[in-house]
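Below is one structure, written out as structure tokens, with a few remarks after it.
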Amino acid sequence: MPAVQTTYAAQHARWIEGMVLNMEPNVIVTRVAEDVEGIGFGKVGVQGTADNQVVDSEATVKFTGIAVLDTTQPTGKYEQYSNVALMKKGVIVVQASVAVAVGDPVYYVPATGVLTNSASGNTLIAGAQWDTSTSGAALAALRLG
């Protein structure tokens with residue numbers, strides 16, 4: 001039988017998308033993934049068709065939260081019809097698409113859900129700010145609420 005794993009990292013990654021960064025009080029709600037493609041961890045979720053549904057980012061739809069990492073999901077994301085944990089308040093790790101600074105406002109690109117600090121043509125996440133800085137596209141802490 002071939003080896004399952006033949007190399008090992010000396011350390012695990014510091015952060016991973018969708019990781020709840022600290023033990024501060026947070027608000028996490030559950031919705032059902034509506035889209036066939038599902039929702040990735042650390043990605044923007046917006047209101048779906050029904051009150052209890054969520055879809056990945058789409059134009060002109062209300063922001064619902066950021067998908068929280070769930071290590072029990074076998075495909076590395078929330079599949080269609082899965083219960084999705086969405087952070088509405090707290091600190092979560094996400095992928096910043098550009099260099100960001102602590103305190104910058106947070107926007108997402110409606111068509112893609114990409115997170116940025118640029119207002120141009122993007123949707124503001126009310127009450128959100130970057131909690132860490134990056135020098136370019138990288139993982140960063142996002143504070144909601």
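A compact table of results
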| quantity | calculated |
| --- | --- |
| Dimensions (Å) - the chain, Cα atoms, principal axes, largest first | 52, 37, 29 |
| Most mobile of Thr75, Thr64, Thr30 in a GNM of the chain (Cα contacts under 10 Å) | Thr75 |
| Using θ = phi - 60° and Karplus 6.51 cos²θ - 1.76 cosθ + 1.60, couplings along region 43-59 (whole Hz; Gly, Pro as x) | 9, 5, x, 10, 4, x, 5, 9, 4, 9, 9, 9, 10, 5, 3, 9, 5 |
| Under 5 Å, built H, 5+ apart or other chain: amide partners of Lys89 | Val27 |
| For the chain, with +1 on Lys and Arg beta carbons and -1 on Asp and Glu, the positive-most of Tyr108, Gly136, Gly65 along the dipole | Gly136 |
| Within straight-line cross-link reach of Lys77, lysines at Cα separation under 18 Å, skipping those fewer than 8 residues along the same chain | Lys43 |
| Among Val46, Val29, Val94: highest mean-square fluctuation, GNM of the chain, C-alpha pairs under 10 Å | Val29 |
| Dipole magnitude (debye, nearest 20) for the chain, charges at Cβ of Lys, Arg, Asp, Glu | 300 |
| Within a Gaussian network of the chain (alpha carbon springs, distance under 10 Å), most fluctuating of Lys89, Lys62, Lys77 | Lys62 |
| Of the trypsin sites (Lys or Arg not before Pro) in region 1-57, those whose Cβ has at most 15 other Cβ within 10 Å and which sit in DSSP loop | Arg14 |
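No value in this document is a laboratory result; all are computed from the given coordinates. Just so it is clear, the structure is predicted and the values come from calculations on it, not from any experiment. As a convention, Cβ positions derive from the backbone with ideal geometry for all residues, glycine included, and neighbour counts pool all protein chains shown.
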